[in-house]
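I have placed the structure first, in the form of structure tokens, so that the comments after it can refer back to it.
The values are calculated or read from the model by the stated rules, or taken from the named source; none is laboratory data. Computed from a predicted structure; not experimentally measured. FYI the Cβ positions are ideal-geometry reconstructions off the backbone, even for glycines, and counts take in every protein chain you see.
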2 protein chains.
Amino acid sequence: MQFHLQTPSLGERERMKKISESTIRRLSRYYRSLESLVEQNIETVSSDKLAEMDGITSAQVRKDLSFFGTFGKRGLGYNSNTLKKQIGEILGLGKTWKVGIMGAGNIGRALVNYAEFRKQGFDVTLIMDANPAVIGTQIAHLTVQDSRHTGKLIKEHDIEIGIVAVPKENAQQAADALIEAGIRAILNFAPVSIKAPPNVQIKSENTTIEIEALSYFLANS
Amino acid sequence: MQFHLQTPSLGERERMKKISESTIRRLSRYYRSLESLVEQNIETVSSDKLAEMDGITSAQVRKDLSFFGTFGKRGLGYNSNTLKKQIGEILGLGKTWKVGIMGAGNIGRALVNYAEFRKQGFDVTLIMDANPAVIGTQIAHLTVQDSRHTGKLIKEHDIEIGIVAVPKENAQQAADALIEAGIRAILNFAPVSIKAPPNVQIKSENTTIEIEALSYFLANS
DNA sequence: GTGTGTGAAGGGTTTCACAGCA
DNA sequence: TGCTGTGAAACCCTTCACACAC
């Protein structure tokens, strides 16, 4: 892949200065913007345009990209489709990731049907719950499995990313079961922070925090 | 309220150095941790303990609080219940905020029933959709309203916080309708960035970004 | 001329370390 | 003694500004 000629390899990148969390998140945004440009058949894009689409500065866009290689043509800009693929590669979207969900409540069920996931290569192939009344029921193409067998199920389904979608009281326990089963990347929807060893990556989606930030804004302006 | 004696008033705070987004988000986390301590009848807490619960440093906790006043007793720590109330006050949780949802799909429906919202004083009293097949149907205690009447509905229900839970193609348009109706705080669940005038605050919940950050981590380690 | 890539400057946030008070 | 509150230092991230390539 031509891409690899201009981009540092994984090994090199590991030796390099650590890439910041915010850069990664913006990359994900650029990716989405580029997707939309490609759909509209817009072949070329400048850092200025990309910045405007995401409400940031063009210098930020160029700096973010510069950590991973040089992707543009001076005086011209970037090829939308090529840049999209290159960012996709950086983000690890080149492969399909197998995703397993812990908790078949509102959130768990919604995520099984979340079209954006499959579109980006996240394949939900397992959903588990502890409630006997829920185990065995069908959610789209999946049958809810018994979370007492987490270890076995995770291995059988080759799950690489775990999602915690259980009530906050059980969140740590659910995460522990996933980690125990070898999962090293967890997306947590419960409104508590989860403890994990440093080799396990946890990201949280916490609606309460977002809406309280809005509350703060409204209360203080 | 005794609290106001030691804490800068809104007016004072406005004149002060702007509080960072991350500080606000951490405040929201401390609030949740304190809630749990209060439930366990733990009366006193140190910045160290609070930090440990949230996986950060104690200096960070003390610094965050110091922007708003002095809440602790040297050599002792903080009173859990008092600090909880004080942070709640800062975050504007002293009042009930009326919330309106745009979009009665999976996410919209899940949010109507989200217990954590009501618990923190966010009261969902309106849900709207554009689809005639959905308008008029019941979701818990709410009847789905016609989004063509957004302006009127928002005013009738005194909505202060809007939630965008429509497909990404319609997200900007949905936000525009809310802003047009006078909404100044929007929580966006669509995976696109929304443009708004500077006096309107937008927070986004973007699951795709979080899971792609996990993908990056797995692909690069 | 146009827009990228990037060192250097600037700004902001976190961590340090300790004075001060219970 | 123990833990808070906080200036100062360290660190990190963003913005600037311009050489350079197309």
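Residue under question is A:ALA165, and the condition is that it be within 13 Å of chain B (Cβ to nearest Cβ), over 26 Å from B:SER215 (Cβ atoms), surrounded by 14 or more Cβ atoms within 10 Å (Cβ to Cβ) and modelled with pLDDT of 95 or more; does it hold?
Taking the combined requirement at face value, the residue does not satisfy it.
Name the helices (runs of 4 or more DSSP H) wholly inside segment A:136-221 in which the number of residues that are without any contact (Cβ under 8 Å) to a residue 24 or more places away in the chain is 3 or more.
The qualifying helices (runs of 4 or more DSSP H) are A:168-180, A:207-219.
Among the helices (runs of 4 or more DSSP H) lying completely within segment B:13-66, list those that include at least 3 residues that are touching a residue at least 24 places away in the same chain (Cβ under 8 Å) and more than 12 Å from DNA strand C (Cβ to nearest atom).
Counting at least 3 such residues, we get B:21-39.
Quick one: in segment B:98-118, which of the residues that are within 13 Å of another protein chain (Cβ to nearest Cβ) and part of a strand (DSSP E or B) is surrounded by the fewest Cβ atoms within 10 Å (Cβ to Cβ)?
B:LYS98
Quickly run through segment A:67-97 and pick out the residues that are away from DNA strand C (no atom under 11 Å from the Cβ), of a type in the set (S, T, N, Q) and either more than 23 Å from the chain's Cα centre (by Cα) or in a loop (DSSP other than H, G, I, E, B) (or both).
Within segment A:67-97, just A:THR96 meets the criteria.
Restricting the search to segment B:168-221, which residues are among the polar types (S, T, N, Q), at the interface with another protein chain (Cβ under 7 Å from one of its Cβ atoms) and under 17 Å from A:LYS119 (Cα atoms)?
Within segment B:168-221, B:THR207, B:THR208, B:SER215 qualify.
So, in segment A:46-88, of the ones that are small (Gly, Ala, Ser) and within 13 Å of chain B (Cβ to nearest Cβ), which residue ends up farthest from DNA strand D (Cβ to nearest atom)?
A:GLY88
Working only within segment B:17-41, note down all residues that are within 15 Å of B:LYS85 (Cβ to Cβ) and more than 14 Å from every other protein chain (Cβ to nearest Cβ).
If the condition is that a residue be within 15 Å of B:LYS85 (Cβ to Cβ) and more than 14 Å from every other protein chain (Cβ to nearest Cβ), then B:VAL38 is the only one that fits.
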